[in-house]
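What follows draws every value from the coordinates through simple rules; no lab data is involved. Not measured: the values here are computed from a predicted model. In this analysis, Cβ positions are derived from the backbone assuming ideal geometry, glycine residues included, and neighbour counts consider all displayed protein chains.
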Amino acid sequence: MTRAELENILSERFEGGCADHWGKLILDRELFDPVMDLAVQSARGIVPFRAAYALERAFLAAPERFEPYHGRFIHDYCTATHPSTWRHFGKIMALLLKRKKLTLSDEQLNRIAETAVLRLVDPSIAVGVRVWSLDILFYLKEKVDWIENEWPEIIGQLKIDPSPGMISRLRRFGWMGR
């Protein structure tokens, strides 16, 4: 399947079950690299978001099939510029960290943490991105020294006028009373 064909599929009218269908397509045709290319490089409107969403669905369906792409994904997570991809990339990153599926150098750990902090502290960024960034920092805080030092301030700032989504996430980890 060519990049253009994949881009056209992701551009079609969205209907229920599309994301799962796209995820299956990625798995069936081993389209991880092309879909990651579209998530970080496509300039076609909704395509980066849908590519990231499809990647998430493929990852959730078969995380072991995603293992050969971890290195590429780490780079893409840190360098993606399209805000609509950040939520899905953040969820994948948080789950990989939670499941302890990544072997990361100190440089990679710091780049991931820095990226997560930048996305977390900017109130103009969608809450879906911010909550996954919080999870990422939580899973990295014992591996990246400076996170532990900044943690009280980060949590304190997030408690100031939080959105319902942020309240939910803060409660999940016990950082905000009920």
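Please compute the alpha carbon radius of gyration of the chain, then divide it by the globular-protein estimate 2.2 N^0.38 Å. Two decimals is fine. List each step's numbers first, then the result.
Working: Rg = 16.6 Å, N = 178, 2.2 N^0.38 = 15.8 Å.
It is 1.05.
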Problem set entry | Alpha carbon centroid spacing (whole Å) that separates the range 83-121 from the range 1-69 | 19
Exercise. Out of 132, 151, 86, any idea which swings most in a Gaussian network model of the chain, alpha carbons joined below 10 Å?
Worked result: 151
Exercise. In percent, how large is the relative contact order of the chain, given Cα pairs closer than 8 Å and 6 or more residues apart?
Worked result: 15
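Fewest to most neighbouring Cβ within 10 Å: what's the order for 72, 87?
In increasing order of surrounding Cβ atoms, one gets 72, 87.
Suppose R0 equals 22 Å; then what is the FRET efficiency for residue 13 and residue 61 from their Cβ-Cβ distance, rounded to the nearest 0.05? Don't skip to the answer; put the middle values down first.
On the way: r = 23 Å, r/R0 = 1.03.
Once rounded, the FRET efficiency stands at 0.45.
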Seminar exercise, completed: Sorting 138, 45, 162 by the position of each Cα along the dipole of the chain (Lys, Arg +1; Asp, Glu -1; all at Cβ), the one nearest the positive end of that ordering is 162
Seminar exercise, completed: Plugging the Cβ-Cβ distance of residue 124 and residue 151 into 1/(1 + (r/R0)^6) at R0 = 22 Å yields, to the nearest 0.05, a FRET efficiency of 0.45
Exercise. Reachable lysines from residue 24, Cα under 30 Å, same-chain residues fewer than 8 places away excluded?
Worked result: 91, 98, 100, 101
Seminar exercise, completed: Stretched fully, the stretch from residue 163 through residue 29 gains (0.36 nm per residue minus C-alpha distance, one decimal, in nm) 44.3 nm
